[in-house]
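Structure first, then comments.
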Amino acid sequence: KNEVEQSPQNLTAQEGEFITINCSYSVGISALHWLQQHPGGGIVSLFMLSSGKKKHGRLIATINIQEKHSSLHITASHPRDSAVYICAVRSRGANSKLTFGKGITLSVRP
Amino acid sequence: NAGVMQNPRHLVRRRGQEARLRCSPMKGHSHVYWYRQLPEEGLKFMVYLQKENIIDESGMPKERFSAEFPKEGPSILRIQQVVRGDSAAYFCASSPVGGPSTDTQYFGPGTRLTVL
(Lines give C-alpha, C1' and ligand atoms only; values in the text may rest on other atoms or scores of the structure.)
Protein backbone atom coordinates (compact mmCIF):
# COMPACT_ATOMS: atom_id res chain seq x y z
CA LYS A 1 0.00 0.00 0.00
CA ASN A 2 1.38 3.39 -0.96
CA GLU A 3 1.90 5.84 1.87
CA VAL A 4 -0.05 8.50 -0.05
CA GLU A 5 -3.18 7.66 -2.01
CA GLN A 6 -5.08 10.09 -4.18
CA SER A 7 -8.54 9.79 -5.64
CA PRO A 8 -10.04 9.87 -8.15
CA GLN A 9 -7.18 9.03 -10.53
CA ASN A 10 -8.59 11.11 -13.36
CA LEU A 11 -11.29 13.71 -13.20
CA THR A 12 -13.20 15.57 -15.87
CA ALA A 13 -15.44 18.50 -15.00
CA GLN A 14 -17.46 21.15 -16.76
CA GLU A 15 -16.43 24.77 -16.39
CA GLY A 16 -18.01 26.30 -13.32
CA GLU A 17 -18.34 23.06 -11.36
CA PHE A 18 -17.16 22.61 -7.79
CA ILE A 19 -14.33 20.07 -7.71
CA THR A 20 -12.97 18.00 -4.84
CA ILE A 21 -9.74 16.04 -4.95
CA ASN A 22 -8.89 13.72 -2.09
CA CYS A 23 -5.68 12.54 -0.46
CA SER A 24 -5.26 9.87 2.20
CA TYR A 25 -2.03 8.95 3.93
CA SER A 26 -0.97 6.19 6.27
CA VAL A 27 1.86 7.68 8.33
CA GLY A 28 2.13 10.34 10.99
CA ILE A 29 3.01 13.61 9.35
CA SER A 30 4.28 17.05 10.22
CA ALA A 31 2.83 18.72 7.13
CA LEU A 32 0.93 18.03 3.92
CA HIS A 33 1.53 19.82 0.63
CA TRP A 34 -0.69 20.30 -2.39
CA LEU A 35 1.17 20.87 -5.65
CA GLN A 36 -0.02 21.69 -9.15
CA GLN A 37 1.82 20.44 -12.24
CA HIS A 38 0.86 22.03 -15.52
CA PRO A 39 0.93 20.25 -18.89
CA GLY A 40 4.28 21.90 -19.59
CA GLY A 41 5.66 20.13 -16.53
CA GLY A 42 6.30 23.01 -14.14
CA ILE A 43 5.35 22.46 -10.51
CA VAL A 44 3.78 25.09 -8.28
CA SER A 45 3.29 24.70 -4.56
CA LEU A 46 -0.33 25.56 -3.74
CA PHE A 47 -0.63 24.90 -0.01
CA MET A 48 1.23 23.57 2.97
CA LEU A 49 -1.02 22.41 5.81
CA SER A 50 -0.48 20.97 9.24
CA SER A 51 -4.02 21.48 10.51
CA GLY A 52 -7.36 23.02 9.66
CA LYS A 53 -8.05 24.82 6.44
CA LYS A 54 -6.40 27.26 4.06
CA LYS A 55 -7.90 29.33 1.24
CA HIS A 56 -6.27 31.06 -1.70
CA GLY A 57 -8.52 32.53 -4.34
CA ARG A 58 -10.79 29.78 -5.65
CA LEU A 59 -8.77 27.03 -3.97
CA ILE A 60 -9.47 25.63 -0.52
CA ALA A 61 -7.43 22.94 1.21
CA THR A 62 -8.49 21.10 4.34
CA ILE A 63 -6.84 18.47 6.47
CA ASN A 64 -8.15 16.08 9.13
CA ILE A 65 -5.16 14.82 11.08
CA GLN A 66 -7.16 12.19 13.02
CA GLU A 67 -8.54 10.66 9.83
CA LYS A 68 -5.27 11.12 7.90
CA HIS A 69 -7.13 12.77 5.05
CA SER A 70 -6.92 16.01 3.09
CA SER A 71 -9.08 17.52 0.39
CA LEU A 72 -8.42 20.16 -2.23
CA HIS A 73 -11.49 22.02 -3.44
CA ILE A 74 -11.74 24.20 -6.53
CA THR A 75 -14.72 26.52 -6.74
CA ALA A 76 -16.05 27.90 -10.04
CA SER A 77 -13.62 25.73 -11.99
CA HIS A 78 -12.09 27.03 -15.21
CA PRO A 79 -10.27 25.31 -18.10
CA ARG A 80 -7.02 26.88 -16.89
CA ASP A 81 -7.35 24.76 -13.74
CA SER A 82 -6.62 21.72 -15.93
CA ALA A 83 -3.46 20.20 -14.48
CA VAL A 84 -2.15 17.37 -12.35
CA TYR A 85 -2.73 17.91 -8.63
CA ILE A 86 -0.23 16.20 -6.38
CA CYS A 87 -0.49 15.55 -2.66
CA ALA A 88 2.74 15.13 -0.70
CA VAL A 89 3.33 14.46 2.98
CA ARG A 90 6.28 15.17 5.20
CA SER A 91 6.75 12.63 7.95
CA ARG A 92 7.77 13.70 11.43
CA GLY A 93 11.47 14.31 12.10
CA ALA A 94 13.97 17.10 11.69
CA ASN A 95 15.13 16.26 8.20
CA SER A 96 12.20 14.24 6.93
CA LYS A 97 11.54 14.14 3.24
CA LEU A 98 8.42 14.50 1.11
CA THR A 99 6.52 11.42 -0.05
CA PHE A 100 4.30 12.06 -3.06
CA GLY A 101 1.04 10.68 -4.33
CA LYS A 102 0.80 9.82 -8.00
CA GLY A 103 -1.34 12.84 -8.72
CA ILE A 104 -4.81 13.42 -10.11
CA THR A 105 -5.21 14.56 -13.69
CA LEU A 106 -7.97 17.17 -13.85
CA SER A 107 -9.52 18.31 -17.11
CA VAL A 108 -12.00 21.16 -17.04
CA ARG A 109 -14.04 21.49 -20.21
CA PRO A 110 -15.33 24.87 -21.39
CA ASN B 1 13.48 37.78 -7.12
CA ALA B 2 14.06 35.06 -9.68
CA GLY B 3 12.61 31.66 -8.94
CA VAL B 4 14.46 28.37 -8.82
CA MET B 5 16.40 27.93 -12.04
CA GLN B 6 17.39 24.67 -13.63
CA ASN B 7 19.46 24.04 -16.69
CA PRO B 8 19.45 22.62 -19.15
CA ARG B 9 15.70 22.26 -19.57
CA HIS B 10 16.20 19.35 -21.93
CA LEU B 11 19.21 17.06 -22.08
CA VAL B 12 19.82 14.20 -24.47
CA ARG B 13 22.57 11.71 -23.76
CA ARG B 14 23.63 8.39 -25.25
CA ARG B 15 24.02 5.35 -23.06
CA GLY B 16 27.31 5.47 -21.16
CA GLN B 17 27.68 9.25 -21.23
CA GLU B 18 27.55 11.55 -18.22
CA ALA B 19 24.67 13.89 -17.42
CA ARG B 20 25.09 17.03 -15.33
CA LEU B 21 21.99 18.82 -14.13
CA ARG B 22 22.26 22.22 -12.50
CA CYS B 23 19.99 23.95 -10.02
CA SER B 24 20.25 27.52 -8.75
CA PRO B 25 18.00 28.00 -5.71
CA MET B 26 16.01 31.12 -5.02
CA LYS B 27 18.02 33.98 -3.55
CA GLY B 28 18.41 33.51 0.17
CA HIS B 29 17.57 29.79 0.07
CA SER B 30 20.19 27.45 1.48
CA HIS B 31 18.24 24.18 1.28
CA VAL B 32 18.06 22.25 -2.00
CA TYR B 33 16.14 19.09 -2.81
CA TRP B 34 16.29 16.92 -5.91
CA TYR B 35 13.36 14.80 -7.10
CA ARG B 36 12.91 12.43 -10.02
CA GLN B 37 9.70 11.86 -11.94
CA LEU B 38 9.76 8.74 -14.08
CA PRO B 39 7.26 8.47 -16.95
CA GLU B 40 3.78 7.62 -15.64
CA GLU B 41 5.01 7.67 -12.04
CA GLY B 42 4.91 10.14 -9.18
CA LEU B 43 7.73 12.27 -7.90
CA LYS B 44 10.34 10.53 -5.80
CA PHE B 45 12.75 12.18 -3.38
CA MET B 46 16.40 11.74 -4.23
CA VAL B 47 18.59 13.95 -2.04
CA TYR B 48 18.49 16.94 0.32
CA LEU B 49 21.48 19.26 0.55
CA GLN B 50 22.53 22.37 2.37
CA LYS B 51 25.55 24.39 1.37
CA GLU B 52 28.55 22.03 1.27
CA ASN B 53 26.62 19.28 3.07
CA ILE B 54 24.52 16.30 2.04
CA ILE B 55 21.82 16.01 4.67
CA ASP B 56 19.79 13.07 3.34
CA GLU B 57 20.64 10.98 0.29
CA SER B 58 18.38 8.06 1.08
CA GLY B 59 16.59 8.36 -2.27
CA MET B 60 19.71 8.31 -4.42
CA PRO B 61 20.58 5.16 -6.34
CA LYS B 62 23.70 3.63 -4.80
CA GLU B 63 25.74 3.77 -7.97
CA ARG B 64 26.35 6.32 -10.72
CA PHE B 65 24.43 9.16 -9.03
CA SER B 66 25.98 11.94 -6.98
CA ALA B 67 24.97 15.42 -5.86
CA GLU B 68 26.72 18.46 -4.50
CA PHE B 69 25.86 21.98 -3.40
CA PRO B 70 29.12 23.93 -3.19
CA LYS B 71 29.69 27.10 -1.24
CA GLU B 72 29.59 29.06 -4.49
CA GLY B 73 27.53 28.18 -7.53
CA PRO B 74 24.60 25.95 -8.28
CA SER B 75 23.76 22.52 -6.97
CA ILE B 76 24.77 19.76 -9.37
CA LEU B 77 23.14 16.36 -9.85
CA ARG B 78 25.54 14.13 -11.72
CA ILE B 79 24.66 10.85 -13.38
CA GLN B 80 27.55 8.82 -14.69
CA GLN B 81 27.27 6.17 -17.41
CA VAL B 82 23.62 6.89 -18.06
CA VAL B 83 21.23 4.09 -19.00
CA ARG B 84 17.81 4.26 -20.66
CA GLY B 85 16.11 3.84 -17.30
CA ASP B 86 17.55 7.18 -16.19
CA SER B 87 15.27 8.97 -18.67
CA ALA B 88 13.01 11.10 -16.51
CA ALA B 89 12.22 14.62 -15.42
CA TYR B 90 14.49 15.81 -12.64
CA PHE B 91 13.15 18.59 -10.45
CA CYS B 92 15.00 20.73 -8.00
CA ALA B 93 13.31 22.62 -5.16
CA SER B 94 14.63 25.06 -2.61
CA SER B 95 13.51 26.41 0.73
CA PRO B 96 14.85 29.24 2.87
CA VAL B 97 16.97 29.00 5.98
CA GLY B 98 14.85 27.60 8.76
CA GLY B 99 14.77 23.92 8.03
CA PRO B 100 12.56 21.70 5.95
CA SER B 101 9.98 20.75 8.55
CA THR B 102 7.92 23.89 8.16
CA ASP B 103 9.01 25.60 4.96
CA THR B 104 7.27 25.58 1.61
CA GLN B 105 9.47 24.29 -1.16
CA TYR B 106 9.74 26.22 -4.41
CA PHE B 107 10.20 24.07 -7.48
CA GLY B 108 12.26 24.70 -10.56
CA PRO B 109 10.96 23.97 -14.08
CA GLY B 110 12.77 20.64 -14.25
CA THR B 111 15.30 19.07 -16.57
CA ARG B 112 13.99 16.43 -18.93
CA LEU B 113 16.70 13.84 -19.50
CA THR B 114 16.39 11.51 -22.46
CA VAL B 115 18.87 8.67 -22.82
CA LEU B 116 19.12 7.23 -26.30
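The values are calculated or read from the model by the stated rules, or taken from the named source; none is laboratory data. Keep in mind it's a predicted model, so treat the numbers as computed, not measured. Glycine gets a Cβ as well: all are built from the backbone with ideal geometry, and neighbour counts include every protein chain shown. All accessible areas refer to the heavy atoms of the entire protein, side chains included, with ligands and DNA or RNA removed. Shrake-Rupley method; radii C 1.70, N 1.55, O 1.52, S 1.80 Å.
Across peptide B:36-44, the average count of Cβ atoms from other chains found within 10 Å of a residue's Cβ is 4. Residues of the range A:51-97 whose accessible area (probe 1.4 Å, heavy atoms of protein chains only) drops by at least 20 Å² once all protein chains are present, relative to their chain alone: A:Arg90, A:Ala94, A:Asn95, A:Lys97. The residues A:His69, A:His33, sorted by heavy-atom accessible surface at 1.4 Å with ligands and nucleic acids left out, run A:His69, A:His33 from largest to smallest.
I want the antiparallel fraction of DSSP beta bridges within the protein assembly as shown, as a percent rounded to 5. Don't skip to the end; give the middle numbers.
Details: 76 of 85 bridges.
Within the protein assembly as shown, antiparallel bridges account for around 90 percent of the total.
Per residue, the range A:32-79 exposes 47 Å² of solvent-accessible protein surface, assessed with a 1.4 angstrom probe and all protein chains in place. Comparing B:Leu77, B:Leu11, B:Leu21 in a Gaussian network model of chain B where C-alpha atoms under 10 Å apart are linked, the largest mean-square fluctuation is found at B:Leu11. Among the GluC sites (Glu not before Pro) in the range A:1-31, none sits in a DSSP loop with a Cβ that has at most 11 other Cβ atoms within 10 Å.
In plain terms, if you count all Cα to Cα distances in the range A:23-73 and split them into 10 Å steps from zero, the share in each step is 24, 52, 22, 2 percent.
Kirkwood analysis of the Cα pair distances in chain A returns a hydrodynamic radius of 14.0 Å. When every Cα-Cα distance of the range A:60-105 is counted in 5 angstrom steps from zero, the calculated P(r) takes the values 5, 16, 21, 25, 17, 9, 5, 2 percent. With respect to the cross-link table entries A:Lys102/B:Lys44; A:Lys54/B:Lys44; A:Lys97/B:Lys71; A:Lys97/B:Lys44, which display a Cα-Cα separation exceeding 18 Å? Long pairs (Cα-Cα over 18 Å): A:Lys54/B:Lys44; A:Lys97/B:Lys71. Extension gain, B:Arg78 to B:His10: 0.36 nm times the residue separation minus the Cα-Cα distance gives 23.0 nm. When every Cα-Cα distance of the range B:1-64 is counted in 5 angstrom steps from zero, the calculated P(r) takes the values 4, 13, 18, 27, 23, 11, 4, 0 percent. Round to a whole number: what % of the accessible area of the protein assembly as shown belongs to carbon and sulfur, probe 1.4 Å? Here carbon and sulfur together make up 47 percent of the probe-accessible area. Quick one: among B:Ser94, B:Ser58, B:Ser66, which has the greatest mean-square fluctuation in a GNM of chain B with alpha-carbon springs under 10 angstrom? Greatest mean-square fluctuation among the candidates belongs to B:Ser58.
Hey, can you find the accessible area per residue of chain B for me, probe 1.4 Å, expressed in square angstrom? Mind dumping the intermediate values first?
Working: 5820 Å² over 116 residues.
So chain B comes to 50 Å² accessible per residue, rounded to a whole number.
List the trypsin sites (Lys or Arg not before Pro) within the range B:20-116 that DSSP assigns to loop and that have no more than 11 neighbouring Cβ atoms inside 10 Å.
Within the range B:20-116, the qualifying trypsin sites (Lys or Arg not before Pro) (loop, at most 11 other Cβ atoms within 10 Å) are B:Lys27, B:Lys62, B:Lys71.
The dipole here belongs to chain B: it is taken about the Cα centre, uses +1 on the Cβ of Lys and Arg and -1 on the Cβ of Asp and Glu, and is about 480 debye. Per the Kirkwood formula applied to alpha carbons, chain B shows a radius of gyration over Rh ratio, Rg over Rh, of 0.95. When accessible surface is computed with a 1.4 Å probe, chains B and A are found to bury approximately 1600 Å² between them, both chains counted.
The alpha carbons of the protein assembly as shown give a radius of gyration and a Dmax of 17.6, 50 Å, in that order.
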